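All remarks here apply to the structure that follows.
Bear in mind that the values in this text are calculations on the coordinates, not laboratory data. Because the structure is a prediction, the values reported are computed rather than measured. Here Cβ is always computed from backbone atoms with ideal geometry, including for glycine, and neighbour counts include all displayed protein chains.
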Amino acid sequence: MKIALITGVTGQDGSYLAELLLEKDYQVHGIIRRSSSYNLDRLDEIHIEGVKKNENFHLHYGDMTDSMNVIRLISETQPDEIYNLAAQSHVKVSFDMPEYTADVDGVGTLRILEAVRILKLSEKTRIYQASTSELYGKVQEVPQSETTPFYPRSPYGVAKMYGFWITKNYRESYNMFAVNGILFNHESERRGEEFVTRKITLAAARIAYGKQEKLYLGNLDAKRDWGYAKDYVECMWLMLQHDTPEDFVIATGEMHTVREFVEKTFLEVGINIKWEGEGVNEIGIDLKTGKTIIKVEEKYFRPAEVEQLMGDPSKAEDLLKWDSKKTSFDELIKKMVAFDIKKKNLEVYES
Ligand code: NAP
Ligand code: G4F
């Protein structure tokens, strides 16, 4: 039985990956942070507090900022595969907490690599580093591939840039099987509610059911390459099963604006949006009722924006036989909206 250790197991990707590895008969260890409120909701399928739901799934308290804890957990679990998914993953928040973001997302990656080296597990343990399309930032070419130069535009992007290079450096210096998955945006029913896609799908469901009046957004013209998270975690696993340690871009190869995501999502709940005005004065009107339901708000703009991202997944398609077209943009929106409409606790939301 293979042993996997997942940092960030309570997150969107961590929860899907844990389920996938359990299906593949792995023994899965996940690192969770101590919190004063319950933070294991995304693990509901495989874990219930106080119940032995899955004997191959184990949770351990830890934090990426605590080197001794990282060393101890890797020493105790002796993993064949480590998936380093833990991160302060919100780009806008990284402008407010740049030092913490650097510590968790940058130095945190080093802590994992160095622990594996110190514990003399370099030959046994394969490491996946959750790298990101944010490295491309102010894009130097379209689409972006494994050879496109980086130009990060946020403290998050810069911290992840350190994570990328230190992973590559340990691979080259110590012959470790350590790889970067350069993943473009991927979303799902489990996406954090403060990311733009989930913010939109939840708001559409609430507005359609009279629980919310307006949705406030930032840059409607930003373009992203949005895929489905469940498809992307499969690729993380494939990267660690590959013969040689290599970095891969994972993307759909399609780009859409935030505006388009809004229009399609609201159509899903039967609302047609008409746009009026420009910049921060732009509004989205419900064509049927004439009500303003979308407003632009300055606070959601970033000090430096990544205007567009679109990946070229051909290397992963060729070498890993990964299907970049498994879930389309329209299907992704349908899944997220259907889930948010079904949520029984669509709490009343003040506008
Ligand atoms: P997410 O939902 O925000 O999950 C982040 C996870 O990291 C959570 O489990 C969180 O724990 C944990 N974490 C945060 N700070 C930590 C710390 N100091 N110590 C230990 N754990 C900590 O992120 P995601 O969307 O699943 O993304 C997974 C990884 O892929 C991240 O590294 C992200 O930067 C990267 N990535 C994501 C995307 C995307 O589009 N989703 C694209 C490219 C790369 P709590 O639950 O306690 O907060
Ligand atoms: O959903 P977002 O916050 O995702 P962003 O910044 O692209 O980052 C995500 O994807 C990265 C991969 O490229 C990951 F590495 C990272 O961890 C994270 O998962 O914003 C997407 C776009 C941005 O251009 C933002 O300015 O949407 C724009 N936007 C417009 N209004 C908004 C909003 N973003 C958020 N979060 N909230 C808004 O109201």
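Taking other Cβ within 10 Å of each residue's Cβ, how do Ser133, Ser145 sort, fewest first? List each step's numbers first, then the result.
Working: Ser133 25, Ser145 16.
If I rank by nearby Cβ atoms, fewest first, I get Ser145, Ser133.
In terms of overall dimensions, segment 107-196 has a Cα radius of gyration and Dmax of 14.6, 42 angstrom.
For segment 107-230, the relative contact order works out to 25 percent when only alpha carbon pairs closer than 8 Å and six or more residues apart are counted. Please list, by residue number, every one of the trypsin sites (Lys or Arg not before Pro) in segment 105-151 that is coil in DSSP and has at most 14 other beta-carbon atoms within 10 Å. Filter output for segment 105-151: Lys120, Lys124, Lys138. Distance from the Cα centroid of segment 104-150 to that of segment 229-290 is 24 Å (rounded to whole angstrom). Among the GluC sites (Glu not before Pro) in segment 2-66, those located in a DSSP loop and surrounded by at most 14 other Cβ atoms within 10 Å of their own Cβ are Glu45, Glu49, Glu55. For a straight C-alpha distance cut-off of 19 angstrom, the lysines reachable from Lys53 (same-chain residues fewer than eight places away being disregarded) are Lys24.
Taking chymotrypsin sites (Phe, Trp or Tyr not before Pro) across segment 196-239, the ones in a DSSP loop with at most 16 further Cβ atoms lying within 10 angstrom of their Cβ are Tyr209. Each listed q (0.10, 0.12, 0.13 Å⁻¹) maps to a log10 I(q)/I(0) for segment 159-311, found by the Debye formula over equal Cα scatterers with no solvent: -0.47, -0.63, -0.70. Relative to the current alpha-carbon distance between Lys2 and Lys274, full extension at 0.36 nm per residue lengthens the span by 92.6 nm. Going 7 Å from the Cα of Lys326 toward and past its Cβ, which residues in segment 237-271 have a backbone nitrogen under 11 Å from where you end up? Output list for this probe position: 237-238.
Set the Förster radius R0 to 22 Å, insert the Cβ-Cβ distance between Glu55 and Glu76 as r into 1/(1 + (r/R0)^6), and round the FRET efficiency to 0.05.
Working: r = 17 Å, r/R0 = 0.78.
Rounded to the nearest 0.05, the efficiency is 0.80.
Annotation: amide H of Phe195 has no partner in the under-5 Å range at sequence separation 5 or more or interchain, hydrogens built in the peptide plane.
Identify all aspartates and glutamates with a Cα-Cα distance to Lys335 below 13 Å; exclude those on the same chain that are fewer than 8 residues away in sequence. Partners within reach: Glu187, Glu189, Glu268.
Of all DSSP beta bridges confined to the chain, the antiparallel ones make up roughly 25%. Taking the inverse of the mean reciprocal distance over all distinct Cα pairs, the Kirkwood hydrodynamic radius of segment 154-240 comes to 15.9 Å. Contact order for the chain, expressed relative to its length and based on alpha carbon pairs under 8 Å spaced 6+ residues apart, stands at 17 percent. Other residues whose C-beta falls under 12 angstrom from the C-beta of Tyr16 contribute a net charge of -4, scoring Lys and Arg +1 and Asp and Glu -1. Across the alpha-carbon set of segment 1-126, the Rg to Rh ratio works out to 0.96, Rh being the Kirkwood radius. Hey, which of these cross-link pairs are over 21 Å Cα-Cα: Lys214/Lys274; Lys138/Lys264; Lys288/Lys342; Lys214/Lys343; Lys264/Lys321; Lys223/Lys325? Over 21 Å apart, Cα to Cα: Lys138/Lys264; Lys288/Lys342; Lys264/Lys321. Annotation: amide H-H contacts under 5 Å for Ser131 (H modelled 1.01 Å from N, sequence separation of 5 or more, or interchain): Gly181, Leu183.
Helical content of the chain, expressed as a calculated mean residue ellipticity at 222 nm, amounts to -10500 deg cm²/dmol (DSSP H runs of 4 or more residues, -39,500 (n - 2.57) each, divided by residue number, nearest 500).
Counting other Cβ atoms within 10 Å as a rough exposure proxy, the listed residues Thr148, Thr327 run Thr148, Thr327 from fewest neighbours to most.
What FRET efficiency would be calculated for the residue pair Tyr38, Phe339, taking the C-beta separation as r and a Förster radius of 25 Å, to the nearest 0.05?
The value I calculate is 0.80.
What order do you get for Asp286, Asp340 when you list them from fewest to most C-beta neighbours inside 10 Å? Walk me through the intermediate numbers first.
Values: Asp286 17, Asp340 24.
The most exposed by this proxy come first: Asp286, Asp340.
Here is the P(r) of the chain: all C-alpha pair distances, binned every 10 Å from 0, give 5, 24, 33, 25, 10, 2, 0 in whole percents.
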